[in-house]
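Enquirer: Below you'll find the structure I mean.
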Amino acid sequence: MKISVYPGTFDPITNGHIDIIERASELFDKVIVTVAVNSAKTPMFTLEERKEMISESLHSHKNIEVDSFNGLVVDFAREKNATAIIRGLRAISDFEYEFQMALMNRKLAPDVKTVFLMPNEKYTYLNSTIIRELARMKCDVSEFVAPCVQKKLRAKFG
Ligand code: ADP
C-alpha cells in the first residue's frame with residue numbers, strides 16, 4: 001500500500017488544494033491531508049474548523065484521510081508509513097521555498113520523497129490568503145472553494 005501525506009495550513013482549503021489532492025489520489029493508494037498545527041502563520045480558522053472543511057470538501061473521495069500534526073512533517077510521514085510528501089507548485093515564486101523544504105526534509109529523512117504536482121492552470125493564482133480577502137470584501141468565491149467553505153466564510157464575514 002503506497003501512502004502519501006499532503007501537509008499545509010489549509011486556511012481554508014481551496015479548489016487548488018483539491019486539484020492537487022485529486023492528482024495525488026490517482027498516484028497513491030491513500031493520501032493523508034494533514035493540517036500543520038505549529039505553523040508560523042496565525043490561521044483565521046481553528047484546527048477543528050479547517051479539518052472539518054477539508055473532510056466536507058472531500059466527502060465523495062474514497063482514499064483520502066484528514067489528520068493534523070505537530071512537529072516535523074517527516075516524523076508524521078514515518079509514523080503513518082508514508083513514503084511521500086505531496087506539495088503543490090503554482091509558479092516559480094513557490095519554487096525557492098519548496099526546494100529548500102524538500103532538500104531539508106530529504107536530509108532529515110532520505111526514505112521520504114517529496115512529490116511536486118502542478119494544478120490546473122486556472123488555479124495557479126489561487127491561495128487561501130486571497131480567498132480570505134475576497135470573502136472579507138463580500139465577493140463571490142463560489143468558483144474557488146467548496147460550498148461548505150463558502151458557508152463558513154459567509155458565517156465569519158456576514
Ligand atoms: P503552507 O502553509 O504549507 O504553504 P498551504 O495550505 O498554503 O500551506 O499549502 C499547502 C500546499 O498546497 C503547498 O505545497 C502549496 O504550494 C500548495 N497550494 C496552495 N494553493 C495551491 C493552488 N492554488 N494550487 C496548487 N497548489 C497549491
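The values are calculated or read from the model by the stated rules, or taken from the named source; none is laboratory data. A quick note: this is a predicted structure, and the numbers were derived from the prediction, not measured. For neighbour counting, all protein chains shown are included, and Cβ atoms are generated from backbone atoms with ideal geometry for every residue, glycine included.
Enquirer: Taking only the stretch 8-29 into account, find how many residues are aliphatic (A, V, I, L, M) and within 16 Å of GLU56 (Cα to Cα).
Expert: 3
Enquirer: While we're here: Just give me the residues in the stretch 105-133 being in a helix (DSSP H, G or I) and either under 22 Å from ILE20 (Cα atoms) or within 13 Å of the ligand (Cβ to nearest atom) (or both), in sequence order.
Expert: Selection gives ASN105, ARG106, GLU121, LYS122, TYR123, SER128, THR129, ILE130, ILE131, ARG132.
Enquirer: Now for a different question. Name the one entry in LYS122, LYS156 that is surrounded by fewer than 19 Cβ atoms within 10 Å (Cβ to Cβ) and touching a residue at least 24 places away in the same chain (Cβ under 8 Å).
Expert: Residue meeting the stated conditions: LYS156.
Table: residues versus (1) closer than 22 Å to VAL115 by Cα; (2) surrounded by 15 or more Cβ atoms within 10 Å (Cβ to Cβ); (3) at pLDDT 95 or above.
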site: VAL31; (1), (2), (3): yes, yes, yes
site: THR46; (1), (2), (3): no, no, yes
site: ARG50; (1), (2), (3): no, yes, yes
site: ILE64; (1), (2), (3): yes, yes, yes
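Enquirer: Quickly run through the stretch 13-43 and pick out the residues that are touching a Ser or Thr at 6+ places or on another chain (Cβ under 7 Å), over 18 Å from PHE69 (Cβ atoms) and more than 7 Å from the ligand (Cβ to nearest atom).
Expert: Matches in the stretch 13-43: ILE18 only.
Enquirer: Give ASP67, ASP75 a once-over and let me know the one that is farther than 30 Å from ARG154 by Cβ and touching a Phe, Trp or Tyr at 6+ places or on another chain (Cβ under 9 Å).
Expert: ASP75
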